[in-house]
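The values are calculated or read from the model by the stated rules, or taken from the named source; none is laboratory data. Remember, predicted model here, so these are calculated numbers, not experimental data. Please note: Cβ atoms are built from the backbone with ideal geometry, for glycine as well, and neighbour counts cover all protein chains shown.
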Amino acid sequence: MIGRRENVSGAHFAFTDRWGGVSAAPYEELNLGGAVGDDASAVTTNRELAAKSLGLEPDRVVWMNQVHGADVAVVDGPWGSGSGTGSGSASGDIPPVDAIVTTRRGLALAVLTADCVPVLLADPVAGVVAAAHAGRPGMIAGVVPAAVRAMAELGADPARIVARTGPAVCGRCYEVPEAMRAEVASVEPAAYAETSWGTPSVDVCAGVHAQLERLGVCDREQSPVCTLESRDHFSYRRDRATGRLAGYVWLD
């Protein structure tokens with residue numbers, strides 16, 4: 001259920017795999033995304049199971065309405081009814097943002113992915129954490145720098161920020177047209193890549209880590225898991241109709 005978990009000075013980072021939930025095919029098993037066609041009650045149960053396995057209260061998890069942009073919201077609690085334990089549909093009281101930041105201890109921030117890069121950030125000294133959704137459009141738009149800036153406005157120091165990126169499609173597998181690779185590389189050269197079979201590709205995670213490095217974030221770690229290659233993880237590019245993984249970050 002929880003593929004990876006880490007505690008750094010009271011800042012917690014966790015990433016799920018696809019197992020241990022109740023969703024039926026093609027979302028089996030631990031689908032945590034509420035806007036992919038899965039049964040809403042199954043998503044609710046899965047979110048409860050994942051939260052409890054991390055020692056969290058399900059209604060103390062903040063989800064996003066992710067739109068591949070660069071908008072950031074500062075939160076001090078769940079958005080409203082249904083945003084913590086409901087289906088997580090992209091409607092109602094959850095605004096369209098791709099990064100959230102908090103200084104509230106015990107409040108977990110969650111990001112959903114199925115090939116995009118889940119980015120978890122924490123400055124344990126300042127007591128600030130953030131979660132960001134960095135797909136190719138969001139990486140180009142600068143969602144991760146925007147999240148770091150929002151953290152800094154709340155007292156975080158980039159030199160103290162701990163950054164963890166979770167399972168995502170790798171540059172060896174993310175094939176794109178040559179024109180798209182050139183467009184991405186014109187904004188973030190580190191994302192220029194080639195597939196293992198020799199065609200143009202984009203390495204979004206490399207681009208994210210290059211952005212973090214330029215911002216002065218030194219404590220960075222990248223998951224070795226490629227979602228497209230791993231059957232233990234959801235991949236939209238591989239399966240199209242599929243579930244969503246989650247990354248969680250919170251402070252003691």
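Going by the structure shown, is V22 within 15 Å of the chain's Cα centre (by Cα) and part of a loop (DSSP other than H, G, I, E, B)?
Here the answer is no, as V22 does not meet what is asked.
To keep it simple, each residue is scored yes or no on (1) touching a Gly at 6+ places or on another chain (Cβ under 9 Å); (2) modelled with pLDDT under 95; (3) within 21 Å of A122 (Cα to Cα); (4) surrounded by 19 or more Cβ atoms within 10 Å (Cβ to Cβ).
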| site | (1), (2), (3), (4) |
| --- | --- |
| F15 | yes, no, yes, yes |
| G21 | yes, no, no, yes |
| Y27 | yes, no, no, yes |
| L32 | yes, no, no, yes |
| R60 | yes, no, yes, no |
| W63 | yes, no, yes, yes |
| H68 | yes, no, no, no |
| S83 | yes, yes, no, yes |
| G88 | yes, yes, no, yes |
message: Return the residues of region 156-167 that are under 15 Å from V217 (Cβ atoms) and either free of Cβ contacts under 8 Å to residues at least 12 places away in the same chain or buried (at least 23 other Cβ atoms within 10 Å of the Cβ) (or both); say none if nothing qualifies.
response: A156, I161, A163, R164, T165
- request: Report, by residue number, each residue of region 36-48 that is touching a helix residue (DSSP H, G or I) at 6+ places or on another chain (Cβ under 9 Å) and assigned to a helix (DSSP H, G or I).
  value: T44, R47, E48
- line: The number of residues in region 1-13 that are at pLDDT below 95 and part of a loop (DSSP other than H, G, I, E, B) is 1
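Quickly run through region 209-244 and pick out the residues that are hydrophobic (A, V, I, L, M, F, W, C), farther than 15 Å from C173 by Cα, out of contact with any strand residue (DSSP E or B) (no Cβ under 8 Å at 6 or more places or on another chain) and in a loop (DSSP other than H, G, I, E, B).
Our first condition is that a residue be hydrophobic (A, V, I, L, M, F, W, C); within region 209-244, this holds for 210, 212, 215, 217-218, 225-226, 228, 234, 241.
Narrowing the set further to residues that are farther than 15 Å from C173 by Cα leaves 210, 212, 215, 217-218, 241.
Retained after the next criterion (residues that are out of contact with any strand residue (DSSP E or B) (no Cβ under 8 Å at 6 or more places or on another chain)): 210, 215, 218, 241.
Across region 209-244, the qualifying residues are L215, C218, A241.
Within the group E153, E178, which residue is surrounded by fewer than 16 Cβ atoms within 10 Å (Cβ to Cβ), over 20 Å from the mean Cα position of the chain (by Cα), free of Cβ contacts under 8 Å to residues at least 24 places away in the same chain and under 20 Å from L121 (Cα atoms)? Reasoning before the result, please.
Values: E178 fails: under 20 Å from L121 (Cα atoms).
Testing whether each residue is surrounded by fewer than 16 Cβ atoms within 10 Å (Cβ to Cβ), over 20 Å from the mean Cα position of the chain (by Cα), free of Cβ contacts under 8 Å to residues at least 24 places away in the same chain and under 20 Å from L121 (Cα atoms) leaves just E153.
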